[in-house]
1. Scan region 157-170 and give yes if some residue there is closer than 30 Å to Tyr31 by Cβ and surrounded by 14 or more Cβ atoms within 10 Å (Cβ to Cβ), otherwise no.
2. Please go through region 141-183 and pick out each residue that is out of contact with any helix residue (DSSP H, G or I) (no Cβ under 9 Å at 6 or more places or on another chain), closer than 27 Å to Asn218 by Cβ and not in a loop (DSSP other than H, G, I, E, B).
3. In region 116-130, how many residues are at pLDDT below 85 and either surrounded by 13 or more Cβ atoms within 10 Å (Cβ to Cβ) or outside the structural domain of Leu194 (by TED's automatic domain parsing) (or both)?
4. Which of the following residues is assigned by TED's automatic domain parsing to the domain that holds Gly131, surrounded by 12 or more Cβ atoms within 10 Å (Cβ to Cβ), within 15 Å of Thr136 (Cβ to Cβ) and in contact with a Gly (Cβ under 9 Å, 6 or more places away or on another chain): Leu206, Leu194?
5. For region 43-59: of the residues being under 11 Å from Tyr76 (Cα atoms) and not charged (D, E, K, R), which is modelled with the highest pLDDT?
Amino acid sequence: MRALDWSHGRRELSRTVSYKWLVDLQPPAPYIAHHLRDPTSATKATFTVTDGEPRVTFQCRIDRRSWRKCSSHISYDTLTTGEHHFQVRAIDPPAIPSPVTHFNWLVVAPPAGQRFAINFDEVVGGPLYPGATPQTIRLTLVNPHDTPIFITSLSVSVPGGPPGCDPATNLSLLQSNVSSVAPLAIGAHDSLTLPAQGYSAPTIGLLNLPVNQDACRNAQFSLSFTGTAHS
């Protein structure tokens, strides 16, 4: 913009004065970069969200709850079985909200447990010695059902020992890596002996303690096995 001056009988123009401004538009809808599976039996839901506009903050809500400020990584715990609805929107500095992004999912009841057999084969390597390398407890897992099962936990314990040789103090136990995160599948009427297929067998060792361990010499221990599985 310039001013025009005719006061001296001739036209004189002032210096140009300019002003710039920004028209702030609605930010783009957020993108849900990570979400849980649908359906799922998990009662915890975790989401990771991003947006194309760098300076935005986020507001989230689940089901019919109120909008609340949230970070780009948010979790909800203790969810009940049934349908759930997650919503997120971006808010830019002038407090203009973006379109809402949705994710719907279903929480189902965990599958019913299934019985299976745990057969103890042997402790590979023979007798235990203080401080020696722990020995593998070879186990065979048997599925007696007409459908495959997925073993989600497997553990071994030593209920007791001879007088003066407490298992909790003198023995080391390392459990199998079978878990609910990495379940072990066994086909119908099939069996599998651990270690196998990347799944470890439990191990047992005799610790080398700075005390007299003569009570553990030639000792015999009973082993107890438990596990969980679903179809």
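The values are calculated or read from the model by the stated rules, or taken from the named source; none is laboratory data. Just so it is clear, the structure is predicted and the values come from calculations on it, not from any experiment. Positions of Cβ are generated from backbone atoms using ideal geometry, with glycine treated the same way; all protein chains shown enter the neighbour counts.
1. No: region 157-170 contains no residue that is closer than 30 Å to Tyr31 by Cβ and surrounded by 14 or more Cβ atoms within 10 Å (Cβ to Cβ).
2. Within region 141-183, Ser155, Val156, Pro167, Ala168, Thr169, Ser172, Leu174 meet the criteria.
3. 1
4. Only one candidate passes the filter, namely Leu206.
5. Here the answer is Phe47.
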